[in-house]
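Notes for the one structure printed next.
Where a number appears in this text, it was derived from the coordinates with a stated rule and is not lab data. Please read these numbers as outputs of a predicted model, since none were measured by experiment. Don't worry about glycine lacking a Cβ; one is built from the backbone with ideal geometry, like all the others, and counts go over all protein chains shown.
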Amino acid sequence: MANRPAPALGLREGDRDRLTRMVRASAGRAGLAQRARIVLLAADGESNTAIAQRVGVSRPTVIGWRERYAMSGLDGLEDEPRSGRPREHDHRSIVAATLKPPPKKYGVTHWSRRLLGRHLGISNGTIAKAWRAYGVAPWRVETFKFSTDPELVGKVTDVVGLYLAPPENAIVLCIDEKSQIQALDRTAPMLPMQPGLPERRTHDYKRNGTSTLFAGLEIATGKVTGACKPRHRHQEFLAFLKQVARAYPDDGTGQQLHLVMDNYAAHKKVEVRDWLAANPRIHVHFTPTSGSWLNLVEVWFGIIERQAIHRGTFGSVKDLNAKIRAFIDGWNDRCHPFVWTKTADEILKKPNRQTTSNTDH
């Protein structure tokens, strides 16, 4: 007679959310995430055998963690005290020392395992264990930027509204510049890719000048209108706006152009404002200060950088501009719409979220 599958494991109130966070946590212990996943699958009614196959453990392991949770809840998923000699060094004191800046005599910006171990008189292996236990990584650094624009809410709502629900009989274009693109040439010819070998190039290079790419991305189709200019001033920007107007002429139906751009000074010069005033069918929507990431053409700039510029070799600015124009032509033959998914409320909610402490230690 075949064994019946175990009944679904009952979860305590509020535990499902905590278990889900434990599974998704990128800085948590892998073993704890695995145990949380076992319990969640058991709560969903999966059989012990199926859970073992999905998680990659043995069936007795699944049964053991089910029983531990049933007896002790989330506390039962923690490691039990191990036998052996007691720990000589308190991990909390090591982490506390790590969170303080190194003394000036060391001349460093952050601790390394060896330096902190020498400073505290303990092994760097002990330092590593403490850092792993508390999720401390002094060698990592991330960036952040808060927009101080007093019209942040209005500008985000305006730009995102254009992306999600553009006006009828209107074309939405994202406008920006990629300035100071260097025409770099290697000091020796590139060695082509071969089976078992990647493409190779010399580490040194020659600078052959720079170019500025002005681009307008039509979000509905992904089509790009581009121009390469030697300089990055309001004169070049105004000439590009006129090029965009010619590329999207008035067809007699009252079609309007809505341009999304950032707050670069050249975009707000008197000459530019006067030209826009003389062309009322063109409407400008500015992204918030420090919010250029709202401009979808930045995504396309990343694409052309990776696919055509970064690994290219250019003997002159003329060669660089020709490569850029060739890429734009090829892109427009295979372009696709750029789809924005986040609403304004979702974007504005994220930077205003409340800071909490939930270390689970």
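Assorted remarks:
- Whole-Hz Karplus values for region 88-101 come out as 7, 10, 6, 4, 5, 5, 5, 5, 4, 5, 5, 6, 8, x Hz, taken residue by residue from phi with 6.51 cos²θ - 1.76 cosθ + 1.60 and θ = phi - 60°; glycine and proline positions read x.
- A quarter of the convex hull surface defined by the alpha-carbon atoms of the chain gives 30.7 nm² as the mean projection.
- Neighbour-count ranking [beta-carbon atoms within 10 angstrom, fewest first] of CYS335, CYS228, CYS174: CYS335, CYS228, CYS174
- Reciprocal mean inverse distance between Cα atoms of region 10-94 - Kirkwood radius, Å: 14.0 Å
- Under the Karplus curve 6.51 cos²θ - 1.76 cosθ + 1.60, θ = phi - 60°, whole-Hz ³J(HN,Hα) for region 210-218, x wherever Gly or Pro sits: 9, 9, 10, 9, 9, 9, x, 9, 7
- What the Kirkwood sum gives for region 200-311 is a hydrodynamic radius of 15.9 Å, with every pair of different alpha carbons counted.
- Helix-only mean residue ellipticity at 222 nm for the chain, each DSSP H run of n ≥ 4 adding -39500 (n - 2.57), per residue, nearest 500: -12000 deg cm²/dmol
- Cβ crowding within 10 Å averaged over residues, with 72-78, 290-296 ranked highest first: 290-296, 72-78
- The spacing between region 127-157 and region 302-344, judged by their C-alpha centroids, is 30 Å.
- Residue-count net charge about LYS342 - beta-carbon cut-off 13 Å; Lys, Arg +1, Asp, Glu -1: 0
- Each Lys or Arg adds one and each Asp or Glu takes one away; over the other residues whose Cβ falls under 13 Å from the Cβ of GLY121, this sums to +1.
- 13 Å beta-carbon shell around ALA245, net charge (K/R +1, D/E -1): +1
- Per-residue Cβ neighbour counts within 10 Å put ARG37, ARG16 in the sequence ARG16, ARG37, beginning with the fewest.
- Where the alpha-carbon atoms of region 91-134 are placed on the principal axes, they occupy 27, 17, 13 Å, in descending order.
- Projected area, mean over directions - region 158-202, Cα convex hull, nm²: 7.3 nm²
- Neighbour counts of C-beta atoms inside 10 Å place HIS232, HIS283, HIS203 in the sequence HIS203, HIS283, HIS232, starting with the fewest.
- Amide H partners (placed H, <5 Å) of ILE219, local residues excluded: VAL172, CYS174
- Pairwise centroid distance, computed over Cα atoms, of region 4-18 with region 225-251, Å: 62 Å
- Residue-wise HN-Hα coupling along region 325-331, computed from phi with Karplus coefficients 6.51, -1.76, 1.60 (Hz; x: Gly, Pro): 5, 5, 5, 4, 4, x, 4
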